[in-house]
Amino acid sequence: MLEIKNLKASINNKDILKGLDITIKPGELHAIMGPNGSGKSTLANVLSGKNGYEISGELKYQGKSLKEISIDERAQKGIFLAFQYPTEIPGVNTNNFLKTSLNKVRKARGEKELDTLSFLKLLKEKSSELGIDEKMLSRQLNVGFSGGEKKKNEILQMKVLDPNLVILDETDSGLDIDALKIIADGVNSSRDKKKSFLVITHYQRLLDYINPDFVHVLSNGKIIKSGCMELAEELEKKGYKKIN
């Protein structure tokens, strides 16, 4: 699904990723943990196609290079990024945003676009699965939402768009236990043999609910250690400084 070899990324002449290697196969869930400034969010930005980075190395998705593919094209090809700090978009209704986004993805896949009734039926089904109040969906996108509501809305977008590669950039940041469980339930109910996940987090608590296949420690722009859930538990006990 995703193959990264010797990935280097810099911005404003500052080197951030310094030779990162990771391979994520279909059906796998990988977690990346690391201290502030280690390059976690830069990795998410580079994968999503955010402008401004100078990159080198190999970056492949489904066997093809991502380097020359725009943000829109990546989304249409099934790459989804849940932001650490979702943006508020005044004047844009959440329902309309989701319907437009879904139909653009379906069109890119060669599928028939959904009419309003079919879309609302799908949205009601996905909202119910996540325990999200449908009233939230009639509001402007993320405007006036609490931090937890914004993160829930990101997971709802993921469920509706049904991407192939899901990147969660510290989606668990600042969440109470109920919101955290909604995020975890959304991830767990979406996992299958074809879909892959890259979960970026500081803490073990989300991983306790989603049970990743692999855990990686990112430090100073490189993966310095990989393992399974026991590695996350070790990090929780010892901290990053004692991992080598």
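Among residues of region 122-150 that are at positive phi, those with a beta-carbon under 6 Å from a residue that is surrounded by 15 or more Cβ atoms within 10 Å (Cβ to Cβ) and of a type outside the set (D, E, K, R) at least six positions away or on a different chain give the pairs 142/86.
Just to be sure, is residue 59 under 26 Å from residue 229 (Cβ atoms) and modelled with pLDDT of 85 or more? Criteria not met by residue 59.
Residues that are touching a helix residue (DSSP H, G or I) at 6+ places or on another chain (Cβ under 8 Å) and assigned to a loop (DSSP other than H, G, I, E, B) within region 86-106 comprise just one, 86. Which ones in region 67-81 are surrounded by 13 or more Cβ atoms within 10 Å (Cβ to Cβ) and either of a type in the set (Gly, Ala, Ser) or in a strand (DSSP E or B) (or both)? The answer is 75, 78, 79, 80, 81. For residue 235, all conditions in the list (1) in contact with a helix residue (DSSP H, G or I) (Cβ under 8 Å, 6 or more places away or on another chain); (2) modelled with pLDDT under 80; (3) not small (Gly, Ala, Ser) hold save one; what is the number of the exception? Only one criterion in (1) in contact with a helix residue (DSSP H, G or I) (Cβ under 8 Å, 6 or more places away or on another chain); (2) modelled with pLDDT under 80; (3) not small (Gly, Ala, Ser) is unmet by residue 235, namely (1).
The residues listed here are 196, 190, 173; of these, the one that is small (Gly, Ala, Ser), in contact (Cβ under 8 Å) with a residue 40 or more places away in the chain and closer than 17 Å to residue 28 by Cβ is 196. Annotation: of all residues in region 107-163 being assigned to a helix (DSSP H, G or I), acidic (Asp, Glu) and at pLDDT 80 or above, the one that is nearest to residue 89 (Cα to Cα) is 154.
Taken together, 100, 87 contain a single residue that is surrounded by fewer than 15 Cβ atoms within 10 Å (Cβ to Cβ), of a type in the set (S, T, N, Q), modelled with pLDDT of 85 or more and farther than 30 Å from residue 236 by Cβ, which is 100.
Residues of region 52-66 include none that is assigned to a helix (DSSP H, G or I) and either within 19 Å of the chain's Cα centre (by Cα) or under 25 Å from residue 183 (Cβ atoms) (or both).
Set side by side, the residues 221, 186 differ, and just one is modelled with pLDDT of 80 or more, under 21 Å from residue 47 (Cα atoms) and over 11 Å from the mean Cα position of the chain (by Cα), which is 221. Taking region 1-46 and the strands (runs of 3 or more DSSP E) fully enclosed by it, the elements with 1 or more residues that are surrounded by fewer than 16 Cβ atoms within 10 Å (Cβ to Cβ) and touching a residue at least 24 places away in the same chain (Cβ under 8 Å) are at 2-11, 14-24.
The values are calculated or read from the model by the stated rules, or taken from the named source; none is laboratory data. On a predicted model such as this, the values are computed, not experimentally measured, just so you know. Here Cβ is always computed from backbone atoms with ideal geometry, including for glycine, and neighbour counts include all displayed protein chains.
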